[in-house]
Every structure is written in structure tokens, then in C-alpha cells.
Amino acid sequence: MSADSAIAPEPVAVQPLSVDMRRLTRVGSRPSFLDYLVRLWDFRQFMFYDARARIQSGTRRDRLGSAWLLLNPVFNGLTYFLIFGLLLNTSRGIENFVGYLVVGIFVFQYSSGAITSGARSIRNNKSVVQAFNFPRAALPIGANVRELLRAVPLILAMLLIVVVLPPGEEITWLWILVLPAIMLQALFNLGVGLILARIISRVHDVTHLLPFALRAWMYGSAIFFSYERFVTHPQILAVIKLNPLFNVIDIVRDCVLYARVPQWQSWAVLAVWALGALGVGLVYFWKGEESYGRG
């Protein structure tokens, strides 16, 4: 027997190690819906500060900076006033047509911007989605928070214009009702944005159709004409009154221009649309959580 073989260590037996596979999760897997909501809540500060930072940097290269947030709807309103109010005379029969038009343009533009930003949030941040692990709904929610923050000076400017421009509306306690109306509108915008974000993440062509759909939606929301004057068919009238954006605009007009309490039917339709769109949007977006960034 050689010296090397005399001092060779005895082989150590391999002991099996049991692993509880139930505690392991696949990287990037979709959590349960409630866990997903908890994770989104944990990212709330990131979404808010990211939204605020993007607002501050969005118009930094423009000479007028953040003033364009106000100038864009003002120029849109002026254009529609010249075309529809003066040339086509849709203002006939509408009390305070300038205020009527301003409320419609400003309120609709908020929804248009929020839905568009939310819908494109996944596609526009594809590199971030592929590089980091976080609940993807944080992107469309952050986009909607950003548009809501942008809407604050717009709504204030809208109220100021209504007070200053002739005939000049008086400030009443009903103006407080604008806040819950805008919050319900924000929930609706978020729900629609979540639904479209998942669709556009897979079918990018929908992005090109979105501006046309929003433009048709605008014409169907009675922004620069009175629906009673042009629509006499009862079925079409019923469809218009089920339009959530028509209802939020109508609520704001009742409170700001006509000093009357909005009808409960308008609140009910808007609330159903807002909560329904948010619920469907969250579940629909969550079901596609594992697919984002792969297309």
C-alpha cells in the first residue's frame, strides 16, 4: 500500500436536501390580484414623483414652458369658436356660448390627454419594462397621475375664463361639485388607459386609430353645439346621454354656467362608467402582466 493511498480521505456520502418548492416563484410571474394591488400601493411615491418630474421637464425646451399647458386648449377653443360659433352658427340658442365651449374643450382635452398617455405608456417605456421588475400598471397609472396634475391649472384657468369673459358667471357653492366630477372622470380615464395599454402593447396599429376615435368621441360629446337642436332621434339621444364624457361635461356646465344642481342620472351614469372601467381595466391589464415587453 502506498503512502498516498494510506492518507486518502474517505468519500463523503451525499445527503439529499429537500426544498419546499411552494415557497419559490418564477421570476416575472404574475402575482395574485390582491398582491398586485399591494405592490402598486408600494410604488405610489415613485408614480407621483415621476409624474411631477415629467411635467416639469416636458416643456423645458419651449420658450413659453408650462404656459403651453394653458395655451393649447385656449387656441383650440378659439378655433372652434370661429368655425362653429361664427361660421356655422351652432351658438344659436345656447346661453353664454363662450363659457359653454370653454368648459367642453377644457374638460374633454383632459380625458383625451390622459387616455392617450395611458394607452401608450407600455409601448413608450418598453426598455424600462424589459430591464426592471415592477408592477407594469405603475406606468399607465403614473401617466394618468401626470395628466391629472396637468389638469389642475387647466381647470382653474377654465373657471377664471368663465368668470372674467362676458357675460361673466358668479361663483356659487355648486362649483365644489366640479371636484367629484373630475375625480370620477380621472377614474374613467385610468380604466380606459389600462385597457388600451394592454391592447397597444400587442397591436401597435391601434395607436394610429386612437386619434380618430377620440375625435369622433369629441363630436359626440356636444362640445360646441347643443344636442337638443341637432338631434331629434330618440335612440341617438339615448346614446349621447350614456356617453360618460358628455355627462361629466354636462355636470360641470350645470354647476359653473347655470348654477343648478346636476341631475342624479348624470352622476349615476358617470359613476357606473368610472367604476366599471376602472375595475375592468385593472383586471384586464393584470391578466396580461407576464406578456408586457415581449412583443
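The values are calculated or read from the model by the stated rules, or taken from the named source; none is laboratory data. Keep in mind that this is a model prediction, so the values were computed, not measured. As a convention, Cβ positions derive from the backbone with ideal geometry for all residues, glycine included, and neighbour counts pool all protein chains shown.
Would a scan of segment 127-134 turn up a residue that is more than 13 Å from the chain's Cα centre (by Cα), surrounded by fewer than 21 Cβ atoms within 10 Å (Cβ to Cβ), of a type in the set (A, V, I, L, M) and under 25 Å from Val74 (Cβ atoms)? Walk me through how you get there before you give the answer.
So in segment 127-134, the residues more than 13 Å from the chain's Cα centre (by Cα) come out as 127-134.
When the remaining residues are screened for being surrounded by fewer than 21 Cβ atoms within 10 Å (Cβ to Cβ), the result is 127-134.
Narrowing the set further to residues that are of a type in the set (A, V, I, L, M) leaves 128-129, 131.
Imposing the further condition that a residue be under 25 Å from Val74 (Cβ atoms) reduces the set to none.
No, the conditions are met nowhere in segment 127-134.
Can you tell me which residue in segment 135-160 is surrounded by the fewest Cβ atoms within 10 Å (Cβ to Cβ), limited to those that are touching a Phe, Trp or Tyr at 6+ places or on another chain (Cβ under 9 Å) and among the β-branched types (Val, Ile, Thr)? Only one residue fits best here, namely Ile155. Of the residues making up segment 116-139, those that are among the hydrophobic types (A, V, I, L, M, F, W, C), in a helix (DSSP H, G or I) and out of contact with any Leu (no Cβ under 8 Å at 6 or more places or on another chain) are Ala131, Leu139. Is segment 58-72 home to any residue that is polar (S, T, N, Q), at positive phi and modelled with pLDDT under 85? No: zero hits.
Name the single residue, out of those in segment 241-268 being among the β-branched types (Val, Ile, Thr) and crowded, with 20+ Cβ neighbours inside 10 Å, that is nearest to Val129 (Cα to Cα). It would help to see each step written out before you state the result.
So the first thing to find is which residues in segment 241-268 are among the β-branched types (Val, Ile, Thr), and the list is 248-249, 251-252, 256, 261.
In the following step, the residues that additionally are crowded, with 20+ Cβ neighbours inside 10 Å were identified as 248-249, 251-252, 256.
Numbers: Val248: 34, Ile249: 36, Ile251: 38, Val252: 38, Val256: 42 Å.
So, considering only residues that are among the β-branched types (Val, Ile, Thr) and crowded, with 20+ Cβ neighbours inside 10 Å, the one nearest to Val129 (Cα to Cα) is Val248.
When Ala277 is tested against the conditions (1) more than 20 Å from Gly118 (Cα to Cα); (2) modelled with pLDDT of 90 or more, the lone failure is (1). Looking at segment 147-170, can you tell me whether even one residue there is within 20 Å of Ser266 (Cβ to Cβ), out of contact with any Cys (no Cβ under 9 Å at 6 or more places or on another chain), in contact (Cβ under 8 Å) with a residue 60 or more places away in the chain and small (Gly, Ala, Ser)? No, segment 147-170 contains no residue that is within 20 Å of Ser266 (Cβ to Cβ), out of contact with any Cys (no Cβ under 9 Å at 6 or more places or on another chain), in contact (Cβ under 8 Å) with a residue 60 or more places away in the chain and small (Gly, Ala, Ser).
Rundown of residues vs (1) under 23 Å from Leu196 (Cβ atoms); (2) of a type in the set (S, T, N, Q), yes/no style:
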site: Ser226; (1), (2): no, yes
site: Asp250; (1), (2): no, no
site: Ala259; (1), (2): no, no
site: Trp267; (1), (2): no, no
site: Val280; (1), (2): yes, no
site: Gly293; (1), (2): yes, no
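For segment 253-284, a residue qualifies if it is touching a Phe, Trp or Tyr at 6+ places or on another chain (Cβ under 9 Å) and of a type in the set (Phe, Trp, Tyr), and exactly one does: Trp273.
Of everything in segment 161-178 that is loosely packed, with under 11 Cβ neighbours inside 10 Å and in a helix (DSSP H, G or I), the residue that is farthest from the chain's Cα centre (by Cα) is Val164. One residue stands out among those in segment 116-126 that are polar (S, T, N, Q) and surrounded by 21 or more Cβ atoms within 10 Å (Cβ to Cβ): the one that is nearest to the chain's Cα centre (by Cα), which is Ser117.
Among what's in segment 274-288 and is assigned to a helix (DSSP H, G or I) and surrounded by fewer than 19 Cβ atoms within 10 Å (Cβ to Cβ), pick the residue that is farthest from the chain's Cα centre (by Cα).
The initial filter retains those residues of segment 274-288 that are assigned to a helix (DSSP H, G or I), namely 274-287.
Filter again for surrounded by fewer than 19 Cβ atoms within 10 Å (Cβ to Cβ), leaving 275-276, 279-280, 283-284, 287.
Details: Leu275: 13, Gly276: 14, Gly279: 14, Val280: 14, Val283: 16, Tyr284: 16, Lys287: 19 Å.
Of everything passing the filter in segment 274-288, Lys287 is farthest from the chain's Cα centre (by Cα).
Scanning segment 111-159 for residues that are of a type in the set (Val, Ile, Thr), in contact with a Lys or Arg (Cβ under 9 Å, 6 or more places away or on another chain) and either more than 30 Å from Arg253 (Cβ to Cβ) or modelled with pLDDT under 90 (or both) gives Ile122, Val129.
Checked against the criterion of being part of a helix (DSSP H, G or I), crowded, with 17+ Cβ neighbours inside 10 Å and within 11 Å of the chain's Cα centre (by Cα), the candidates Gly113, Gly99 yield just one match: Gly113.
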